[in-house]
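Nothing in this text is a laboratory measurement; each read-out follows from the coordinates by a stated rule. All figures in this text were calculated on a predicted structure; none of them were measured in a lab. Cβ atoms come from the backbone with ideal geometry, glycine included; neighbour counts cover every protein chain shown.
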Amino acid sequence: MRKTKVSLEFIRLSVALKILFYRFVLLSLTGNILYQQPDVSLAEAKLAVDNLEIAALAAEGGGPLATELRNQKEKIADDIFHILAAYVERIANGDDAKILASGFNGTHQPVLFTKLPLVINDGLVSGTVEAVMKAIENAGAYFVEYAVDEIPTIVAAWKSAGSSTSARMTISGLPVGSKCYFRMNAITPLGLTDFCDPVSKIII
């Protein structure tokens, strides 16, 4: 039986989906005891994704030069995640579960990545974002908190962005040009869930 390899189909994703996928892989690899010495540092990979996101935002109506810069940043990020994919494939050695634990997909698995707990999209107007939460069974409400510029080291430093009874909400009044971090939890019949890992977004 042929060994499962790491799928490279992510290269065909749109830039927006690719950014989400790369962040999911970074989240999955961070602190993962299976993958402690990647062939490229996760800090370098994160910087490449951050730069790609910035360039992608600038390319929206920014003209051919901005588009070319985005393409360059996309290639840099793609190359880095190809290296990470090869590293995961070497360590996993055909083990489906180990591949999935890295955030990548295997060649015998669906191409689409696992739905993230929280996705932050650009809002309809400047200074707003749309928060899309992964639906939680029997959740009565979802709560979103945010922080500007950096992830707080103390719980009290997080600011409430509001709550919603649906798995989607609009957050407004955010500082344009800043990088904000968002996290969410939900209330269920069993109590409050843990907060998800922070998700970053540059506010436009």
Listed residue (N32, T128, T153) projecting farthest to the positive dipole end of the chain, Cβ model: N32
Label point distance in nm, A66-L13, each placed 7 Å from Cα along Cα→Cβ: 2.3 nm
Alpha carbon centroid spacing (whole Å) that separates the stretch 120-175 from the stretch 40-79: 25 Å
For the stretch 78-204: lysine pairs under 19 Å (alpha-carbon distance), excluding those fewer than 8 apart on one chain: 7
Protection proxy ranking, peptides 161-169, 70-78, average beta carbon neighbours within 10 Å, highest first: 70-78, 161-169
Once the Cα gyration tensor of the chain is diagonalised, semi-axes √(5λ) in Å: 29, 23, 15
Cα-centred dipole magnitude for the chain, charges only on beta-carbon of K, R (+1) and D, E (-1), debye, nearest 20: 320 debye
